[in-house]
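Data block below; observations after.
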Amino acid sequence: MIVGAGFGGLRAARALASAEVAVTLVDQRNYHLFQPLLYQVATSMLPPESIAYPVRAILRHQKNLEFRLARVESVDFAKHELATSAGSIGYDRLVLAVGGRTNFFGLASVEQHGFGLKDLDEAVNMRNQILRSFERALQERNPERRRAHLTFVVVGGGPTGVESAGALSELVRLVLAKDFAALEIKDVRVILLEATHALLAALPEKLREDTALRLWRKHVEVRFGAQVVEFDGERVTLKSGEVIPARTLIWAAGARAAGLIERLGLPQGAQGRVRIRDTLQVPGHDDVFAIGDAAVLEREGQPLPMMAPVAMQQGALVARNLLRSLAGQPLEAFTYRNPGSLATIGRNAAVAHLGGFAFTGFLAWLLWLAVHIAQLIGFRNKLLVLVEWAWEYFTYERAVRLITADQVRERGD
Ligand SMILES: Cc1cc2nc3c(=O)[nH]c(=O)nc-3n(C[C@H](O)[C@H](O)[C@H](O)COP(=O)(O)OP(=O)(O)OC[C@H]3O[C@@H](n4cnc5c(N)ncnc54)[C@H](O)[C@@H]3O)c2cc1C
């Protein structure tokens, strides 16, 4: 039984394809989501369906697998049973691969009024909000209120915050400036707030500095030592007491384990993730494994990051360890092979840290494009994304400038 068809769960399910076991894969969504490109849906670059793929289509040919669309509510470890939105389901061995969710660090006002970026609905909501802010600004006569509509605050200087801020600034300057010629472009502000004194903290200093410089060149105001304490939908308040009038706050400042993990009563570590052994088993439950963002293993005193390569490598190992445990063999310990880091800052600009080499600029950007295309699931999605990127690159247009949802989470009306 694998719960979660994300990066880890899907890798585990596929790795069991030729084994003599019956695999049940449960997910609350019927699609696998490529979260690293969510920010491109939010900034009108890609349509939502280009970064999602139906689980049934991915696993159609896997004869030993059954997919169930259901939300797991709790687990009875003694009875070996899941309570789900579609009834209870029994298991012999369980893999928890339920991923993570946005961490608002208890800031209720930010959670209520700000925008997280974790699933497709949130990305589309954010796109609607950005485009609607320009429409509202055009209709607003009061200059202060107009500027507040055109001020976009991105919180968090990790990869998601950096990539979102760069893409948003380019959307504004390269595309929306043409659509809204009556607005003053100098009234638009994209502000990236980082509580510490560095962007992309995991990268070497040279790359961190280069990232900040490139963002400045793209007209993103990067602010360090800026900690948000409140957002009421109209004003962002910082710990220093400074108030920034803004109607849009994008929260990219943290992640924690999915809600299910909190309900299971298992030992939790950093970011609320389940503590696991090197074999990926949950202590005290030899037949339960946890992987990816939902689980935490420490290396050199630091938790392994909540990133796709960790989840995928653990997915591959959990499949091997499941078979070993069924055969009564000793289980393998997890060793993480860090493939390196890549982040893009917009057109022709990215930073890369691979195998001890640090480089930036066009080459890093090309590599970023290639890696992301290669990792997308499905030939159609690869082609779709490639065509959208090429179209945007050569025409300076973003086709998906649509305000779509009927029930837009309106801000500051
Ligand atoms: C905006 C964003 C950008 C990112 N960018 C990068 C990047 O550039 N590089 C990188 O390496 N990583 C990136 N990540 C992190 C990466 O996406 C995660 O580390 C990875 O998805 C973790 O894989 P996972 O299998 O643990 O969980 P996920 O891929 O999140 O999958 C979890 C699955 O479990 C399902 N699920 C959850 N709860 C339940 C339940 N109760 N019942 C049933 N199903 C459930 C979910 O629907 C989901 O399908 C990014 C994440 C985000 C949000």
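The values are calculated or read from the model by the stated rules, or taken from the named source; none is laboratory data. Please read these numbers as outputs of a predicted model, since none were measured by experiment. Every residue, glycine as well, gets a Cβ built from its backbone with ideal geometry; the counts of neighbours run over all protein chains shown. What goes into the accessible areas is simple: the full protein's heavy atoms, side chains included, and nothing from ligands, DNA or RNA. Shrake-Rupley method; radii C 1.70, N 1.55, O 1.52, S 1.80 Å.
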Inset, instruction - Collect the residues in segment 239-256 that are under 24 Å from residue 118 (Cα atoms) and either over 22 Å from the mean Cα position of the chain (by Cα) or at pLDDT 95 or above (or both), keeping them in residue-number order. - result: 246, 247, 248, 249, 250, 251, 252, 253, 255, 256
Inset, instruction - Could you please find all residues in segment 241-293 being in a helix (DSSP H, G or I), in contact with a helix residue (DSSP H, G or I) (Cβ under 8 Å, 6 or more places away or on another chain), within 11 Å of the ligand (Cβ to nearest atom) and not aliphatic (A, V, I, L, M)? - result: 262, 292, 293
Legend entry - Residue in segment 22-44 that is farthest from the chain's Cα centre (by Cα), counting only those that are open to solvent by less than 10 Å² (accessible area, probe 1.4 Å) and either hydroxyl-bearing (Ser, Thr, Tyr) or at pLDDT below 95 (or both): 44
Inset, instruction - Assess whether residue 129 counts as being under 27 Å from the mean Cα position of the chain (by Cα), open to solvent by 50 Å² or more (accessible area, probe 1.4 Å) and either within 14 Å of residue 191 (Cβ to Cβ) or not basic (Lys, Arg) (or both). - result: no
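Going through 181, 195, 202 one at a time, which residue ends up being within 28 Å of residue 305 (Cβ to Cβ), at pLDDT 95 or above and small (Gly, Ala, Ser)? Reasoning before the result, please.
Values: 181 fails: within 28 Å of residue 305 (Cβ to Cβ); 202 fails: at pLDDT 95 or above.
That would be 195, the only listed residue that is within 28 Å of residue 305 (Cβ to Cβ), at pLDDT 95 or above and small (Gly, Ala, Ser).
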Inset, instruction - Only residues that are open to solvent by 10 Å² or more (accessible area, probe 1.4 Å) and within 16 Å of the ligand (Cβ to nearest atom): list them for segment 156-177, please. - result: 158, 159, 160, 163
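Filter segment 178-197 for residues that are part of a loop (DSSP other than H, G, I, E, B) and under 20 Å from the mean Cα position of the chain (by Cα) and give the result.
Filtering segment 178-197 down to residues part of a loop (DSSP other than H, G, I, E, B) leaves 180-184, 188, 195-197.
Residue satisfying the conditions is 195 alone.
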Inset, instruction - Considering each residue of segment 93-105, count those that are in a loop (DSSP other than H, G, I, E, B) and either touching a helix residue (DSSP H, G or I) at 6+ places or on another chain (Cβ under 8 Å) or modelled with pLDDT under 95 (or both), and give that number. - result: 6
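With closer than 22 Å to residue 279 by Cβ and surrounded by fewer than 17 Cβ atoms within 10 Å (Cβ to Cβ) as the only criterion, which of 19, 13, 97 stands out?
Answer to the selection: 19.
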Inset, instruction - Could you please find all residues in segment 75-94 being open to solvent by 70 Å² or more (accessible area, probe 1.4 Å) and away from the ligand (no atom under 16 Å from the Cβ)? - result: 78, 79, 92
